[in-house]
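What follows is a short report on a single structure.
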Amino acid sequence: MAEIPRDHSPESTLALLSDPYRFIGRRARRLRSDVFSTRLMARRTICMTGREAAALFYDTSLMKREGAMPLRIRKTLLGEGGVQGMDGAAHRARKAMLLAVATGDATDGLLRIAARQWRIHVRDWQAQGEIRFYAGMCSLLARTACEWVGIPADEFEASRRTRQIVALFDGAGAVGPRHWKARISRRETEHWLSSLVRRVRAGSLACDAAAPLAVVARHVDADGTTLDERTAAVELLNLIRPVTAVAVYAVFVAHALHAHPREMEKLRTADPAALDRFVQEVRRFYPFFPAVAARTCLAFSWQGLDFPADVRVMFDLYGTNHDPRIWRTPWRFAPSRFEMPFDVRFDLVPQGGGEHADGHRCPGEWITLALMKQTAQILADGISCTVPERAAPIAFDRLPALPRGGLVLRDVRARAGWLS
């Protein structure tokens with residue numbers, strides 16, 4: 001057996017923060033190894049990339065999630081006590097609850113709410129002259145998410161709560177004021193949602209029994225206990241925050257349509273297969289979340305390398321989606337690549353790999369796909385607009401990555417009959 005190749009930098013945190021999406025892939029190529037060891041945030045961390053590494057990372061007999069994500073991410077993006085940091089039977093029970101409210105008829109209901117919010121927002125955008133599309137979609141999707149989970153309109157202070165929800169994912173990986181704003185927003189949104197859970201349980205806040213707010217409030221965990229109010233708030237945010245974060249993907253959809261106008265024409269044919277291929281390529285090509293973390297459950301050997309027990313492991317999502325061993329010409333935007341079959345578990349991993357039900361793949365993946373398709377259809381055939389600049393390059397040094405300088409839409413107009 002051999003020792004895992006080492007990156008000899010004394011501390012790689014700044015290098016990771018300056019290039020979070022490409023850090024693992026670039027170091028792996030330099031070391032000529034899909035697996036290497038480095039120091040991140042003063043802790044030894046094993047970094048991995050590629051299809052085979054994905055299969056290892058999502059093997060729950062070898063990897064666990066408890067305490068794996070860095071504290072700065074738990075204090076902002078994820079919260080404490082949520083499903084992302086659980087393992088075993090406890091994780092399966094909590095995940096089953098989230099899957100139940102995020103799939104099937106629930107997705108159709110969410111799309112109906114989002115369609116109504118699109119019409120409301122487009123009317124506003126037509127009057128404004130120009131809009132920053134990321135901010136506009138954050139507003140649209142935060143309102144959609146909160147209505148969908150069952151929060152009454154008079155309990156949702158739209159501007160304030162939208163800013164707080166967006167801060168959870170927009171400032172999680174930042175350094176300085178944006179990050180501290182995210183921490184404050186985490187505390188405030190958990191306090192707000194905890195109070196709603198308490199009122200639902202007391203019967204003083206009316207809520208549809210099938211709405212996620214009511215389902216989470218009455219959920220019984222694997223140990224036979226209901227969630228404490230704060231943990232229930234964390235899981236509600238695990239529904240609200242990801243729906244709102246689809247705003248990042250919405251920007252990428254618009255960016256791809258602007259950069260590749262032929263794709264716009266293909267989507268106007270109303271071919272479901274073409275729409276699916278386009279959306280999957282946006283998820284593969286563009287940078288959404290850079291990496292995920294776990295810890296080894298025990299010492300083991302894999303492909304001739306020795307993995308110690310209880311060490312943090314980071315798996316490279318973005319690099320795996322651009323691995324030339326999986327994807328031919330990975331730096332080319334080509335939806336046609338999805339005419340060929342691929343391994344849905346370990347090839348395309350923008351929201352994690354493995355299985356949904358008993359693994360740690362994002363339970364909101366179907367919602368993400370549905371909202372992206374809705375966005376692509378509306379941009380292609382529901383509204384018209386102009387983008388004043390060429391397709392701006394993506395700022396890879398930002399988390400989440402976005403087009404440098406933002407994406408501005410001007411002269412937004414609904415096409416004939418679309419608003420009716």
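Using a 10 angstrom cutoff on alpha carbons, build the Gaussian network for the chain and name the most mobile of GLY25, GLY104, GLY85. Maximum among the listed residues: GLY104. Under the definition of Cα pairs under 8 Å and six or more residues apart, what whole-number percent is the relative contact order of segment 196-333? Relative contact order comes out at 14 percent. Each part gets one Cα centre, and for segment 344-378 versus segment 1-74 those centres are 23 Å apart. Note on the chain: GNM, Cα springs under 10 Å; of ASP170, ASP306, ASP221, the largest mean-square fluctuation is that of ASP306. Sites count as exposed loop sites when they are GluC sites (Glu not before Pro), lie in a DSSP loop, and have at most 15 other Cβ atoms within 10 angstrom; the longest stretch of the chain without one is 158-354. Cross-link partners for LYS64 among the lysines, with Cα-Cα distance under 27 Å and sequence neighbours closer than 8 places in the same chain left out: LYS75, LYS95. Output wanted: per-residue J couplings in Hz (rounded whole) for segment 80-95, from phi through Karplus 6.51 cos²θ - 1.76 cosθ + 1.60, θ = phi - 60°, x for Gly and Pro. Result, rounded to whole Hz: 9, x, x, 4, 5, x, 10, 9, x, 4, 4, 5, 4, 5, 5, 5. Electrostatic tally near VAL313: other residues with Cβ closer than 12 Å to its Cβ, Lys and Arg +1, Asp and Glu -1, net +3.
Neighbours of LEU141 by Cβ distance under 12 Å: Lys/Arg scored +1, Asp/Glu scored -1, total +1. Among the DSSP beta bridges whose two residues both lie in the chain, what percent are antiparallel, rounded to the nearest 5? Counting only bridges with both partners in the chain, antiparallel ones make up about 75 percent. Straight-line cross-link partners of LYS266 among the lysines, defined as a Cα under 25 Å from its Cα and at least 8 positions apart when in the same chain: LYS373. As a calculated quantity, the FRET efficiency between ARG30 and ARG325 at R0 = 22 Å, using C-beta atoms, amounts to about 0.80. Report summary: the helix-based calculation at 222 nm, which adds -39500 (n - 2.57) for every DSSP H run with n ≥ 4 and divides by the residues of the chain, gives -15000 deg cm²/dmol. The local environment of LEU227, defined by Cβ-Cβ distances under 13 Å, has a net charge of -2 under the rule Lys, Arg +1 and Asp, Glu -1. The 3J(HN,Hα) values that the Karplus relation (6.51, -1.76, 1.60; θ = phi - 60°) gives for segment 243-251 are, in residue order, 4, 5, 5, 4, 4, 5, 5, 4, 4 Hz. Gly and Pro appear as x. Loop-only trypsin sites (Lys or Arg not before Pro) in segment 29-93, please: DSSP not H, G, I, E or B, and at most 14 other Cβ atoms within 10 Å. Filter output for segment 29-93: ARG32. Taking the DSSP bridge list for segment 278-420 and keeping only pairs wholly inside it, about 90 percent are antiparallel.
Quick note: the coordinates plus some simple rules give every number you see, no bench work behind them. Small disclaimer: the values here were computed from a predicted structure and weren't measured. Every residue, glycine among them, receives a Cβ derived from its backbone with ideal geometry; neighbour counts consider all protein chains shown.
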